[in-house]
1. Distance cut-off 30 Å, Cα to Cα: go down the list A:82/B:252; B:188/B:274; B:74/B:154 and report the pairs above it.
2. Using a Förster distance of 45 angstrom, determine the FRET efficiency expected from the C-beta separation of residue B:254 and residue B:187, and round it to 0.05.
3. Take the Cα of residue B:103, step 7 Å along the line toward its Cβ, and report every residue of the stretch B:144-179 whose backbone nitrogen sits under 18 Å from that point.
4. Can you give the calculated 222 nm mean residue ellipticity of the protein assembly as shown, where each DSSP H run of n ≥ 4 adds -39,500 (n - 2.57) and the sum is split over every residue, rounded to the nearest 500 deg cm²/dmol?
5. Taking neighbour counts of Cβ atoms within 10 Å as a proxy for exposure, in what order, fewest first, do B:299, B:332 appear?
6. What are the ³J(HN,Hα) values, in whole Hz, obtained from phi via the Karplus relation 6.51 cos²θ - 1.76 cosθ + 1.60 with θ = phi - 60°, for each residue of the stretch B:86-93 in sequence order, with x given for Gly and Pro?
7. Pairs of Cα atoms under 8 Å, at least six residues apart: use those to get the relative contact order of chain B, whole percent.
8. Take the Cβ-Cβ distance between residue B:280 and residue B:202 as r, set R0 to 51 Å, and report the resulting FRET efficiency rounded to the nearest 0.05.
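Values in this text are rule-based calculations from the coordinates and carry no lab data. Just so it is clear, the model here is predicted, and its values are computed rather than measured. Here the Cβ is made from the backbone with ideal geometry for all residues, glycine too, and neighbour counts use every protein chain on show.
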Amino acid sequence: MESSSRADIPAGLIASGRLVLRISTGDSTLVTIEQFIEQFLSAVDFQEPVELKPDTKLSDLPEWDSLSALATIVLFDTEYGKVIVGPDLAKCGTVRDLYALMG
Amino acid sequence: MSQCTLRNVRFAGMATCVPKRVFHNINDAPPQIRSERERLVRNIGIYTRRLCPEWQTFSDLAFEATEKLLADLKWNKSDIDALIIVGQSPDYLIPATAIILQDRLQLPQTTIAYDVNLGCSGYPFGLHLLGSMIASGAIKKGLLLVGDRAGEEKDPLFSDAGTATALEFDPNAPPMYFDLNSDGSGYKAIMLPVGGHREPVHISHLIPHRDEGGYWRSGMDLVLDGPAVLSFSTQRVPPAVDSLLAHVGMSKDEIDYFVFHQANRMINETIRKKLRLPEEKVPSTLHDLGNTSGASLPVTMTVRLSDTLAQGRHRVLLCGFGIGLSWGTAIVDIDSAVFPALIEA
């Protein structure tokens, strides 16, 4: 149903660049863990900058909170076409665990 | 029943009233949480909210909206057949607030008046309920009052509003289309667990503790599972909208405006992007007026679209979703309806 609705967008809007869409590829294997970290940091929008490595523990991040959880769910849905839920996040200990949710 | 059509129901007008008192989500927050609040506000998109002072209730706001709407419509109060409230902020636990308002508004005692317990999803359901009474020919004119007094200083989402919508029987009215759904398996996602018969108030519920912002919280507070609400909203709403459009054979181009419940920016932007809708067709009032629960569709129509909707004919898609869990969509053609400017009381 989503693919058929693309035709509804006036071509002028797309041409003018006024319409910014993130269209999921549904193929998360294209995303490296480095790219994922960049997109994750942009999504969670921390007030204080942090440096993230794949093995960074989420519990060591002062701003890894409910807002970050919401932002991560939206990131997976809109960027990777992957539906994850709160309990999936609760099982993740490190950044690499989050990346693995793309599965 | 998931989808249905109502005929002979005309959308005659709408009025919205919010409290005068403006609460700023960053400047009015305690200094120790201001930095985290800045980040939160950026992401939920809610900068200011309207909060009732202690003496003011939802019904006070709805009363003002109704008086103004009836005056502008030039309807006689004696012609009103029904007054339905959809909301979760009654004046008292019992009796129903709509009955109290029948008297306060000086409507005839022949008025059908009762309350319906729905929150953020409520507007399309209320339109369907009152519309069904009118479509059946049982009544000619009715009022639908939707909204809540859900705002509290300590929680950054909710904002207060009361709204009134007038519907009337008109054989020439264009059809209204509905898609209405309920999923009680998610009832714990947003709830006030204490105070009903499953868990009556006990003295232990009343003992408050201070949170990190210095706000007092207790077992009497609303419980909201953020990730569950986000997942529900972004997974259920886009297919429901597509499904209703497909059912009635309309393309998105044939809809002038898509008005969604104003939940928060994250949820609303995700829904908009998944449905591939341009920003200019999806009006928002989150920035200034927050999440006004069931009132958010009327609030957004009044604040963003009233000049447009008061002239000529426009087609709007209205979609509410939330506590229940419950979600509903309506497609309504609005032709030269009465839309007073936002009322502040």
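1. Numbers: A:82/B:252 25 Å; B:188/B:274 26 Å; B:74/B:154 41 Å.
Distance filter (> 30 Å) returns B:74/B:154.
2. Values: r = 36 Å, r/R0 = 0.79.
With R0 = 45 Å, the Cβ-Cβ based efficiency is 0.80.
3. Nothing falls inside the zone, counting backbone N under 18 Å.
4. Values: 14 runs with 139 residues, N = 448.
One gets -9000 deg cm²/dmol as the mean residue ellipticity at 222 nm.
5. Working: B:299 31, B:332 23.
Going from least to most buried by this count: B:332, B:299.
6. With the stated coefficients, the stretch B:86-93 comes to 10, x, 10, 10, x, 4, 9, 4 Hz.
7. On the way: 813 pairs, mean separation 96.3, N = 345.
Computed over chain B, the figure is 28 percent.
8. Values: r = 52 Å, r/R0 = 1.01.
Efficiency, rounded to the nearest 0.05: 0.50.
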